[in-house]
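K.L.:
Before anything else, here's the structure in question.
The values are calculated or read from the model by the stated rules, or taken from the named source; none is laboratory data. Because the structure is a prediction, the values reported are computed rather than measured. Every residue, glycine among them, receives a Cβ derived from its backbone with ideal geometry; neighbour counts consider all protein chains shown. Ligands, DNA and RNA are excluded from the accessible area calculation, which covers all protein heavy atoms including side chains. Shrake-Rupley method; radii C 1.70, N 1.55, O 1.52, S 1.80 Å.
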Amino acid sequence: AKRDGSRARIEVHDGGLTDDEVDLLQLETDLRRALDGDELRLFYQPIVSLADETLLGYEALIRWQHPTRGLLPPGAFLDAAENNRLTSRLGAWVLRQACTDAAGWPAGLRVHVNVSARHLAEPGFSDLVAAALDESGLPPERLELEITESTALFAAEATLTAVSEVTERGVTLALDDFGTGYSAITALHRLPIHTVKIDRSFVADVVTQPSTAALVHGLLQLGRGMGLQVIAEGIEDLDQAEWLRRHGCAMAQGYAFGRPAPLPSRHGALAAEALVGQAAEEAAAVLE
Ligand code: C2E
Ligand code: MG
Ligand code: MG
Ligand code: MG
């Protein structure tokens with residue numbers, strides 16, 4: 001029942017590894033090389049004010065410029081990193097790079113960085129955040145860490161400690177993919193959450209499905225009642241933007257306002273066209 005793959009592959013099979021395990025090992029090896037080399041990239045997606053489309057900041061989203069497979073999205077490799085020591089190396093790279101990039105932006109702009117539950121619980125996480133801020137000179141108030149509901153719900157003692165250490169410093173926390181976990185509301189009580197990001201699966205149906213509209217309406221009221229910032233994720237068209245604006249959502253992110261893209265560097269007008277409206281103007285101002 002062996003596939004007619006390469007000889008090496010068949011031998012590995014005889015050693016007890018499945019094809020999937022072999023693929024994972026290869027991916028891990030490649031990812032180590034990517035970290036040592038210069039293959040990882042941060043793309044940035046604008047976060048805007050819904051009232052006037054002012055640019056408020058960017059979310060950093062990792063990409064892997066793979067030498068043979070091209071530009072890979074995080075879904076293609078983050079799980080492989082989660083399974084071993086690479087989590088903290090990759091997370092450290094993202095934090096340092098994002099803080100360094102953001103330190104060069106206009107002072108009003110914040111940067112959002114996704115943090116894996118596993119990395120957050122590792123010893124030294126808050127020291128890493130402190131080092132990334134110190135080295136870059138980015139004021140802590142301009143950094144927001146995005147965690148998922150599962151992180152909040154299964155928060156170990158180490159996670160709670162790390163979270164209080166970073167938030168005492170002035171860094172804020174966002175609850176990502178809000179509404180998709182088992183108990184979104186419980187999560188809000190576990191950790192000092194500053195922002196909730198309404199998952200794009202809700203935004204997608206908000207205009208067309210009354211039940212989704214009612215749910216999002218409720219989430220917005222909850223956010224307001226608890227004094228939270230609310231960002232709607234995955235806004236793809238202006239009807240969705242208009243609905244959310246009318247229902248009191250202050251902030252948004254989605255293809256309608258700009259896709260994730262490499263930031264325009266100070267010296268080359270790279271990706272200004274990836275940004276829209278005010279966002280593009282502000283990006284152009286950065287280039288001056
Ligand atoms: P996320 O943090 O919820 O990020 C939003 C995802 O939605 C991104 O996918 C983004 O490209 C996508 N998106 C944004 N606007 C739209 C839209 O209007 N329509 C649609 N269809 N999609 C939209 P991406 O970049 O593939 O990232 C997927 C996930 O991978 C992220 O979800 C986050 O959980 C994780 N991730 C990304 N970068 C990092 C990182 O540096 N570290 C960690 N630990 N996780 C990361
Ligand atoms: Mg996120
Ligand atoms: Mg999300
Ligand atoms: Mg997501």
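K.L.:
Mind listing just one residue for me: the one in region 196-238 that is within 14 Å of ligand 2 (Cβ to nearest atom) and acidic (D, E) and, of those, nearest to L50 (Cα to Cα)?
P.N.:
This residue is E233.
K.L.:
Name the residue, out of E141, E146, that is near ligand 1 (Cβ under 10 Å from one of its atoms) and either open to solvent by 30 Å² or more (accessible area, probe 1.4 Å) or modelled with pLDDT of 95 or more (or both).
P.N.:
E146
K.L.:
Okay, moving on. Which of (1) closer than 25 Å to D205 by Cα; (2) at pLDDT below 95 does D237 not meet, given it meets every other one?
P.N.:
Every condition holds for D237 apart from (2).
K.L.:
For region 92-180, give me every one of the helices (runs of 4 or more DSSP H) that falls completely inside it and has 3 or more residues that are within 16 Å of ligand 3 (Cβ to nearest atom).
P.N.:
Once the helices (runs of 4 or more DSSP H) in region 92-180 are filtered for at least 3 residues that are within 16 Å of ligand 3 (Cβ to nearest atom), what remains is 149-153.
K.L.:
Turning to a different aspect of this structure: Among the listed residues A279, A272, A252, which satisfies the condition of being closer than 25 Å to P73 by Cα, buried (at least 19 other Cβ atoms within 10 Å of the Cβ), modelled with pLDDT under 95 and not aromatic (F, W, Y)?
P.N.:
Numbers: A272 fails: buried (at least 19 other Cβ atoms within 10 Å of the Cβ); A252 fails: modelled with pLDDT under 95.
On inspection, the qualifying residue turns out to be A279.
K.L.:
While we're here: Would a scan of region 210-225 turn up a residue that is touching a strand residue (DSSP E or B) at 6+ places or on another chain (Cβ under 7 Å), at pLDDT 95 or above, within 13 Å of ligand 3 (Cβ to nearest atom) and of a type in the set (A, V, I, L, M)?
P.N.:
Looking for residues that are touching a strand residue (DSSP E or B) at 6+ places or on another chain (Cβ under 7 Å), at pLDDT 95 or above, within 13 Å of ligand 3 (Cβ to nearest atom) and of a type in the set (A, V, I, L, M), one finds none in region 210-225, hence no.
K.L.:
Moving to a separate point now. Looking at region 31-68 only, could you name the residues that are open to solvent by less than 20 Å² (accessible area, probe 1.4 Å) and not in a strand (DSSP E or B)?
P.N.:
Within region 31-68, L31, A34, L50 qualify.
K.L.:
Do the conditions hold for E242, that is, is it part of a loop (DSSP other than H, G, I, E, B), at pLDDT 95 or above, among the acidic types (D, E) and surrounded by fewer than 20 Cβ atoms within 10 Å (Cβ to Cβ)?
P.N.:
no
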